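The values are calculated or read from the model by the stated rules, or taken from the named source; none is laboratory data. Being a predicted model, the structure only gives us computed values, none of them experimental. Don't worry about glycine lacking a Cβ; one is built from the backbone with ideal geometry, like all the others, and counts go over all protein chains shown.
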Amino acid sequence: MQKTDFKIVQSEQQIRDTEELKKRLKNDETVLRMLKLQQIPERCLEVSPWKIEEWRIRYQPCVGCTSLTACRQEKKGYYSALTYDGMLQNVIMPCAYMRQQLSKEKHLENYLVSDLPKALKTVSFKRILADNESKEYLSVLNEAIEASHHSQGLYIHGTLGSGKTYLCACACNDHASKGEKVAFIHYPSFTQRMASLVRSDEYRDELKRLMYADFLVIDDIGAENCTEWNRDVILMPLLNHRYEEGLATWFSSNCDIPSLQRHFTFSANNREDVLKAERIIERIRHMAKAVALTGRDRRQPLSQ
């Protein structure tokens with residue numbers, strides 16, 4: 001059987017449109033810049049002008065972009081790029097702003113458990129501007145930096161919005177940036193999460209991750225609904241293991257130590273157990289130095 005070659009027949013208008021497109025592309029600085037950046041032969045302008053035009057349209061929202069927040073692409077931080085390996089292709093790649101953001105967040109790979117709010121995922125002691133801070137705040141900041149540097153425990157207590165969680169997040173991020181395995185839990189949310197995992201027994205795996213993390217933050221302890229189960233089955237074994245292994249543990253709380261002891265004395269059914277509360281507090285006292293952080297509310301108001 002004779003082999004038949006099939007050829008696409010273009011109309012004169014299509015040929016003219018293609019030639020005009022080639023001329024435009026050859027004078028388009030954005031196109032020429034991409035070809036040079038990706039080391040794509042200029043002959044592709046002759047061979048695949050419509051594929052290049054398709055890329056140019058997709059890339060157009062990136063022209064003049066000044067930041068990740070100003071991104072107009074459908075997938076924020078990612079743009080269409082051309083590559084050539086004998087065949088011209090359109091691929092999706094992270095832009096320079098997204099690459100910078102991904103670099104800033106690379107330490108998050110070292111979180112075994114994370115309840116970090118989005119705003120605190122990249123904070124660090126190095127980025128704190130201390131010029132206009134009070135002596136009281138600077139004193140606590142220095143305590144925090146020293147404790148973090150030497151992998152020592154810290155119990156930061158004080159008023160709402162004073163910056164306790166922020167300092168804890170800075171320490172946790174800094175340890176993660178060093179390659180350490182870390183965990184940051186919001187304790188009220190954590191106790192609810194653990195209770196929901198009891199039937200499947202998955203809570204044991206979560207607890208083990210916290211037990212063996214190189215650095216752990218227990219945020220907002222004392223704000224949870226205290227039950228005998230989360231006090232005696234979860235918190236006490238966690239603190240006891242980390243104490244015996246000498247693993248750094250930080251706490252933030254609106255309660256000072258005596259107030260926290262009263263909190264753990266009574267469980268949700270109002271059952272009193274002074275001894276078990278004392279054991280919890282004794283562990284915390286030996287694991288972490290208590291410092292008070294008070295002052296102005298540092299939380300940013302929500303935009304209306």
Residue that is nearest to LEU37 (Cα to Cα), among those in the range 63-100 that are of a type in the set (S, T, N, Q) and surrounded by fewer than 16 Cβ atoms within 10 Å (Cβ to Cβ): THR83
Breaking point among (1) more than 26 Å from HIS175 (Cα to Cα); (2) touching a strand residue (DSSP E or B) at 6+ places or on another chain (Cβ under 8 Å); (3) modelled with pLDDT of 95 or more, for SER252: (1)
Helices (runs of 4 or more DSSP H) fully within the range 93-204 counting 3 or more residues that are under 30 Å from PRO237 (Cβ atoms) and at pLDDT 95 or above: 135-149, 164-177, 187-196
Condition check for SER303: farther than 14 Å from ILE156 by Cβ, modelled with pLDDT under 95 and surrounded by 18 or more Cβ atoms within 10 Å (Cβ to Cβ): no
Count of residues meeting criterion [assigned to a loop (DSSP other than H, G, I, E, B) and free of Cβ contacts under 8 Å to residues at least 24 places away in the same chain] in the range 36-78: 11
Of all residues making up the range 120-141, the number that are under 22 Å from PHE190 (Cα atoms) and either in contact with an Asp or Glu (Cβ under 7 Å, 6 or more places away or on another chain) or without any contact (Cβ under 8 Å) to a residue 24 or more places away in the chain (or both): 2
Sole exception among (1) more than 25 Å from the chain's Cα centre (by Cα); (2) at pLDDT 90 or above for ASP17, by number: (2)
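One line per residue, one yes/no per condition, for (1) in contact with a His (Cβ under 8 Å, 6 or more places away or on another chain); (2) surrounded by 14 or more Cβ atoms within 10 Å (Cβ to Cβ); (3) not aliphatic (A, V, I, L, M):
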site	(1), (2), (3)
LYS118	no, no, yes
GLU143	no, yes, yes
LEU167	no, yes, no
ALA171	no, yes, no
HIS175	no, yes, yes
SER196	no, no, yes
LEU207	no, yes, no
PHE215	yes, yes, yes
ILE218	no, yes, no
Top-ranked residue in the range 260-286 [being in contact (Cβ under 8 Å) with a residue 24 or more places away in the chain, under 17 Å from ILE156 (Cα atoms) and out of contact with any Lys or Arg (no Cβ under 8 Å at 6 or more places or on another chain); ranked as surrounded by the most Cβ atoms within 10 Å (Cβ to Cβ)]: ILE284
Residue satisfying all of: in the range 241-277; closer than 21 Å to PHE215 by Cα and part of a helix (DSSP H, G or I); nearest to the chain's Cα centre (by Cα) among these: ARG242
Total residues in the range 68-93, condition under 28 Å from the mean Cα position of the chain (by Cα) and at negative phi: 16
